[in-house]
1. By how many nm would the segment from residue 131 to residue 197 grow when fully extended, if each residue of separation counts as 0.36 nm and the alpha-carbon distance is taken off?
2. Given the Cα-Cα distance of residue 158 and residue 253 and 0.36 nm per residue of separation, how much length would full extension add, in nm?
3. Suppose R0 equals 30 Å. What FRET efficiency, 1/(1 + (r/R0)^6) with r the Cβ-Cβ distance, do residue 69 and residue 149 give to the nearest 0.05?
4. Express the relative contact order of region 150-213 as a whole percentage, based on alpha carbon pairs under 8 Å and six or more residues apart in sequence.
5. Once both labels are modelled 7 Å past Cα along the beta-carbon direction, what's the residue 106-residue 205 spacing in nm?
6. For region 33-294, with every protein chain kept in place, what is the accessible area per residue (1.4 Å probe, Å²)?
7. State the dimensionless ratio Rg/Rh of region 33-294 (Rg: radius of gyration of Cα atoms; Rh: Kirkwood radius).
Amino acid sequence: MIVLVDLLLMLIDLTFSILTAVIQTFLRPRLKCIDGELCLITGAGGALGRLFALEFAKEGARLVLWDCNATANERTAELVRELGVEAHAYTVDLSERRSIYQAADRVRAEVGDVSILVNNAGVVAGRRLLDCPDELLERTLLVNCHALFWMTKAFLPQMKAKNHGHIVTIASALGLFSTACVEDYCASKFGAVGFHESLTHELLAEDLDGIKTTLVCPYIVDTGMFAGCEIRKELKSLIPPLQPLYTVQQSMKAILAEQQMICIPRLMYIPFLSRALLPWEANVATYRFMGGDKCMLSRHKTVIGFWSCL
């Protein structure tokens, strides 16, 4: 009997969630105020990180900016301060666990408790698997995936103590489906998506409804990180690379609306759903039709940086 009641409640919740999603598609959702919140952004010296910093600054958030490139990170801080907003820049290597924990201690002592955490930093080796040094493969996994664990362990306890906060994971469409010749990147982003979803379930299980999560999965973003990557030319006009500002603005809408997941553009939901619903052979056929099996083959240049792209 209890199972039937739980099943009925689940179906009601499911129906409500679907209706809410449909309504939000056509109606502008209510956006929360983050004025005065302390927001930490990783990869703040890169293209998307800088734009995220400026957008959060416009909303009145105080900024803590992390990047391994001190010069680029300080430039982002200067742009934020020009808007009259408080900004603190820290040089941090996200591939080093100790560096993260030490910087987190400094932030708490010098600035305060972080209430919005934006895990934006990302790297890619940019080489085929057998041509790629192990050190570069490890770095991709450390920065794109392992660092999420360390960042969350560093800042989540304070959020839980207050039952207040927001954790944002800038993942990738390649965390939902894969392509050839970027095994390190796909593996790291699949890991990021899995980590984020499990963390969200854990917070819900602990009734910490004041801590929100948002998973962002964009298509290729035109930051230079995947320069030379192209799908079938006949389809390029349908799904061209995303402009960085558009990507950040769409992400900000989802974050401020406390939306749990967003794919950019919405067309990215289609291959995500087809992967779950169609046989593997059908997905491979679609993948080849779009040119996904060749889009990375021409890339041999190593691109390393604290950016976020796919």
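1. Here the answer is 20.5 nm.
2. Gain in length upon complete extension: 31.7 nm.
3. My answer for the efficiency is 0.85.
4. Across region 150-213, relative contact order equals 45 percent.
5. Reported label-point gap for residue 106 and residue 205 is 3.5 nm.
6. For region 33-294, the solvent-accessible area averages 45 Å² per residue.
7. Taking Rh as the inverse mean 1/r over Cα pairs, Rg/Rh reads 0.96.
The values are calculated or read from the model by the stated rules, or taken from the named source; none is laboratory data. All of these numbers come straight from a predicted model, not from anything done at the bench. When we count neighbours, we look across all protein chains shown, and the Cβ atoms used for this are built from the backbone with ideal geometry, even at glycine. Quick note on the areas: whole protein, heavy atoms, side chains included, nothing else; ligands and nucleic acids left out. Shrake-Rupley method; radii C 1.70, N 1.55, O 1.52, S 1.80 Å.
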